[in-house]
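Below is one structure; the comments refer to it alone.
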Amino acid sequence: MRSSLYTLIPVLALLMESSAMAAPPPAEPQEPAAQRQMRAQAGRLVGGGHLAEARDVHLSLWRVGRRPLDAFNVGTLSQRIRDYPTAAEYLTLWLGLVGSPEAPRGPAPWTEQDRQKHAQARVDLQAAREHVGALEINVSDPGAEVLVDGRRVGLSPLRAPVFVWPGQHRVSARLGGARKEELVTATAGGEHTVRLVLPASPAEAQIDGARGPRSAAGAPSLAPPSPGPGPARRWLTVGGLAATSAALVVFGGIAAGVAGGAAEERDAALARVQADSVSGCPGGAACGQFTDADGRAKTWTALSAGAFVGAGLSAAGAAAAYLLLPAGPVRVTTGGAGVQLATSW
């Protein structure tokens, strides 16, 4: 009997091999060479204890190829480096992609190694969830961009919760010109539901913002009007610009006088250079005096011109402020269903 079994084993193996050749299972497409090199690099980084760098390599591989193996590696490595929000996110993602031993998702049957990975992922996910909060974000409109603390987490409807560190977080959604935002406080190990209802249209959102906060009855509460600039601001602006213009005129006059004196010294030095051939340029004392006086004359002339130009601009600004700024405060009055603005000039 035992010899018969030994005889049948090769036959059964050949039959199984032929049936496999007749109907091969769907093979995973060959990974490009660059991605294979990245995967080998990640393995070397793990072997050297550089877990954070290895995690980042697998994160890049996931974004390129969307292979479940990379999601698993990102989750487990994030757990090891205590990046618990990322660990919870990618372990949840991997478990959703592969299913469970009872209900696997994929063409190939599960091996014992797959079962061990699944068990390890569940343990790591449970450990990560003890350190983070889960935000279940629901948005009224599909296709809206969802952001948490300014970071894009996907489009509504989100298929999985968003894991965050404990504390306060800003959750927002936007679609076109419509936007809705809320502040949420997350707790470690807790689950929080956030419901964002986008305005019907951007115009409606602007109207609601202009109306301000609503009372308990639903009517907009009108805050007291803020005081306008008033005459003090007007005269302070006009006076400041006028004083600046006057100061620049004075400085321009002084600069013009200094420039004139330097020009006279320059002309006298030039006459000495031309009369004395021994001390003439280059190298003579008269030449140095000419160069120095000429430089001072040009510098002070430029400063004088700039001061007068600035004085003119300041004077023009003072005149504009006098004409454009209101002489009295802006009064806000309400009448009927609308709001009327009355301004005294």
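The values are calculated or read from the model by the stated rules, or taken from the named source; none is laboratory data. The structure displayed is predicted, hence computed values, not measured ones. We place every Cβ from the backbone using ideal geometry, glycine too, and count neighbours over all the protein chains shown. To get the accessible areas, we keep the full protein, side chains included, count just its heavy atoms, and leave off ligands, DNA and RNA. Shrake-Rupley method; radii C 1.70, N 1.55, O 1.52, S 1.80 Å.
Quick notes on this structure:
- Of the trypsin sites (Lys or Arg not before Pro) in region 33-96, the ones in a loop by DSSP (not H, G, I, E or B) with at most 15 other beta carbons within 10 Å are 66, 82.
- Centre-to-centre separation between the Cα atoms of region 161-189 and those of region 133-153: 7 Å.
- In sequence order, calculated HN-Hα J values of region 190-200 (Karplus, 6.51, -1.76, 1.60; Hz; x Gly/Pro): x, 10, 10, 9, 10, 10, 10, 9, 6, x, 5
- Surface accessible to a 1.4 Å probe, residue 70 within the full protein complex, Å²: 0
- Accessible surface for residue 50 stands near 90 Å², nearest 10, in the context of the full protein assembly shown (1.4 Å probe).
- Label-point separation, residue 168 to residue 81 (7 Å along Cα→Cβ), nm: 3.0
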